[in-house]
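First comes the structure, then the notes that go with it.
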Amino acid sequence: MNAHKKTVNIVDVTYAQTKASVNTDALGMREMQQRVFAKRGAQHLLVKAPPASGKSRALMFVGLDKLYNQGRKKVIVAVPERSIGASFASTSLTKFGFFADWEIKPEHNLCDAGSSAGKVDAFIKFLEGTDATLVCTHATLRFAFEKLAPDAFDGTVLAIDEFHHVSADTESSRLGALLRDVMNGSDVHIVAMTGSYFRGDSVPVLTAEDEAKFTPVTFNYYDQLNGYEHLRSLGIGHHFYQGRYTDAIGEVLDLDKKTIVHIPSVNSGESTKDKLEEVGRIIDVIGQVETTDPDTGIISVRRQDTGTIVRVADLVDDTDQKKRGDTLHFLSHTASKDRGAVDIIIALGMAKEGFDWPFAEHALTVGYRASLTEVIQIIGRVTRDSPGKSHAQFTNLIAEPDATQSEVKVSVNNMLKAITASLLMEQVLAQNFTFKTKKFDADDSKTPGELKIKGFKEPSSDRVKQIVETDLNDLKATILQDDTFARAAAGSVDAETTNQVLIPKIIREKYPDLTDAQVEEVRQQVVVDSVIKNGEVREVGDKRFIKMAEKFVNIDELHINLIDSVNPFQRAFEVMSKSVTPSVLRIIQDSIAATRIEFSEEEAVALWPKIQNWVKVNGGRRPDPRADDPTEKRYADALLFLQRLKQKREAEKRANAMVNVDE
């Protein structure tokens, strides 16, 4: 077996262990559940909270209140896959202080085995009967709705778990179409729950009109993790390999950690196209198979190095559905309560959202994941609070570009996107701040979590406030997923151009209704928030300093111009450059340089004062397009662009003058 290597982390966050998010009140509610219950009177609730924050129990509290105190007759809970149904099983709430218990009769648990037709019949029978609660899959809900009119949901509460599966695109999302029809055609109450902080990778979950009908309750990752009892730190990192991933996985598979391994999709470049063989090779890395339990499917493997037994659950092999069903049943009913029941879970499409294994410490994911929602769901599998677990780790095993292969550009892009996804996770996982304008030198903030910045433009309209309060992570996702921005963040464009040209360009494209002044307010919020969350804060005596661009700056002396001079994401690429070989780094740099970032007129004009200053500093020498320094090359390209633009304008003027003469 290869020697285990420590992953190079891009993100390291340490939390305060305040216990605030896990302690309960007189009704048995955690902090997040209290927030949701306070809004229980709303017809449509949108609960956005991390995995393990207690969304399922929050729904139980609200659903029971709607049944007993708000005149609702039934509560229907829909989950994306059968295994998640266990989160909504019968639960005693009265013993913790609540006024009623959550009860699901066996015939109303439609997440157990059975035919689709049988479950649809059971769903319709439930609506016609007197019982109050039912759990089913999204698929059963859709199939049943095809046989029902929207008004069949009169008097019901419809709870949709993992709400990001809904889409405003009615062509591709039958669940989204169903939701709209039921909202418009009945008096339904909706509780929508999601652990994702992103609406989706392209199409929004809801139209703006539909979203306005929901009362939002947000509990962010920092609130959740900072309030834990046991988990103290979280790391997000990458490990790069060449060749087959099955030959490299031993370098990062720590057999002393409870681990979920997600192998790549068979359609991805990392896949060998034989998923069962890949599982076999991973097991070979661990050691020698001793036994396979006929009742649970758990594989006992004797470690090569220590000789101890490692218990492995294989969720990839789907050739025997009953066997996989037995394994899933064991994981959800036994392994979730018994730390010694399983050590490693190998999965492909499963064990992501809603999967409850509180002992999991390490999520090892092979290959780049295009969906940020998927990444945050996978990380959520290891961020549950559990005795004996002080650190959680997400490791992305990524293929290095190989100069001898034709897919260098794809490989480099995947590396860049994987790293920018990690940067986005850092933004989500870090403490939230409020930013205000610093009006004079002694105008320092006394409010915790508030920073005052000279020259900062605060939101001047409700529209900008709404974007800042609810859309900031989505906007950062759009910015970081932009190909031009990813290459710029990697250092091929200077910080001011990145912050003052590229970011506002993306903001305008995303929010075309904003004025220039509003774009600038949003831009400052994005840049300041990103830089502060990415910075390292230290306290010296009674002063706080933040590290920006390799210098520590007194937080009380922050100015917007100083922040604009910092590339908020540069540190991640510095980490990457230290974790690959010099030859691989050269391939990455050459690939970025080869895919030239085209200039907009706006960007080139913004660079003109800097070019003039560069020429002055360099004794009147013009920047050389063949220089090794990327900044000098960029200035040379901009100068050439401006010259061509000037020639084009002059040619157009001459042409117009000739037309006027002819007339």
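The values are calculated or read from the model by the stated rules, or taken from the named source; none is laboratory data. Predicted model only: the values in this text are computed from it and were never measured. Note that we place each Cβ from the backbone using ideal geometry, even for glycine, and neighbour counts take in every protein chain shown. Accessible surface areas use protein heavy atoms only, side chains included; no ligands, DNA or RNA. Shrake-Rupley method; radii C 1.70, N 1.55, O 1.52, S 1.80 Å.
One table, with the values for the structure above:
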quantity	calculated
For the chain, accessible area per residue (1.4 Å probe, heavy atoms of protein chains only), Å²	45 Å²
Residue-averaged 222 nm ellipticity for the chain, from DSSP H runs of 4+ at -39500 (n - 2.57), nearest 500	-11500 deg cm²/dmol
Derived scalar couplings ³J(HN,Hα) [segment 449-454; Karplus, 6.51 cos²θ - 1.76 cosθ + 1.60; whole Hz; x for Gly, Pro]	x, 10, 10, 10, 10, 5
Alpha-carbon spread of segment 31-224, three principal axes, descending order, Å	44, 43, 30
Built amide H within the under 5 Å cut-off of residue 137, gap 5+	79
Extension gain, residue 273 back to residue 466 (0.36 nm per residue minus Cα-Cα distance, nm)	64.9 nm
Helix 321-330 vs. the chain, principal-axis angle (Cα, 0 to 90°, nearest 10)	90 degrees
Acute angle (nearest 10 degrees) that the helix 408-429 long axis makes with the longest principal axis of the chain, alpha-carbon atoms	70 degrees
Surface share of carbon and sulfur [accessible, 1.4 angstrom probe, percent] for the chain	48 percent
Pairs from 48/454; 439/543; 454/543 whose Cα-Cα separation, in the structure shown, is over 22 Å	48/454
In degrees, nearest ten, helix 116-128 long axis to first principal axis of the chain (Cα)	80 degrees
Linear extension gain, residue 187 paired with residue 544, 0.36 nm per residue minus alpha-carbon span	123.2 nm
Cα-based reach from residue 258 at 16 Å (exclusive), listing aspartates and glutamates while leaving out same-chain residues under 8 positions away	314, 338, 343, 356, 361, 385
FRET efficiency, 1/(1 + (r/R0)^6) with R0 22 Å, evaluated for residue 334 and residue 308 via beta carbons	0.60
Taking the chain and dividing mean pair separation by its residue count, relative contact order in percent (alpha carbons under 8 Å, at least six apart)	13 percent
Estimated FRET transfer efficiency when R0 is 41 angstrom, pair residue 100-residue 230 (beta carbons, to 0.05)	0.85
Inverse mean reciprocal Cα-Cα distance (Kirkwood Rh) of the chain, Å	27.5 Å
Cα-centred dipole magnitude for segment 31-224, charges only on beta-carbon of K, R (+1) and D, E (-1), debye, nearest 20	420 debye
Nonlocal amide H pairs with residue 397, under 5 Å, H built at 1.01 Å	239, 365, 366, 367
Shape parameters for segment 54-112, alpha-carbon atoms, Rg then Dmax in Å	11.5, 31
Distance (nanometres) between label positions extended 7 Å along Cα→Cβ at residue 651 and residue 517	4.0 nm
Antiparallel DSSP beta bridges within segment 428-577, as percent of all bridges there, nearest 5	65 percent
Global geometry of segment 428-577, whether rounded, prolate or oblate, following the gyration tensor of its Cα atoms and the 1.5 cut on a/c	oblate
Cα centre as origin, Lys/Arg/Asp/Glu Cβ charges: the chain dipole, Debye	1020 debye
Unsatisfied cross-links (Cα-Cα over 22 Å) in the set 465/533; 39/74; 409/648; 39/337; 417/505; 74/125	409/648; 39/337
Assigned charges on the beta-carbon of Lys, Arg, Asp, Glu; segment 11-62 dipole about Cα centre (debye)	220 debye
Residue 407-residue 626 FRET efficiency (beta carbon distance; Förster radius 30 Å; 0.05 resolution)	0.60
Segment 228-399, relative contact order [Cα under 8 Å, separation at least 6], %	34 percent
Rounded Å value of the spacing that divides the Cα centres of segment 263-282 and segment 394-436	21 Å
Spin-label model distance (nm) - residue 508 vs residue 450, 7 Å beyond Cα toward Cβ	3.4 nm
Scattering profile of segment 1-100 at q = 0.15, 0.22 Å⁻¹ [log10 I(q)/I(0), Debye over alpha-carbon scatterers]	-0.72, -1.29
Rounded, prolate or oblate (a/c below 1.5 giving rounded, otherwise prolate when a/b exceeds b/c) for segment 531-574 by Cα gyration tensor	oblate
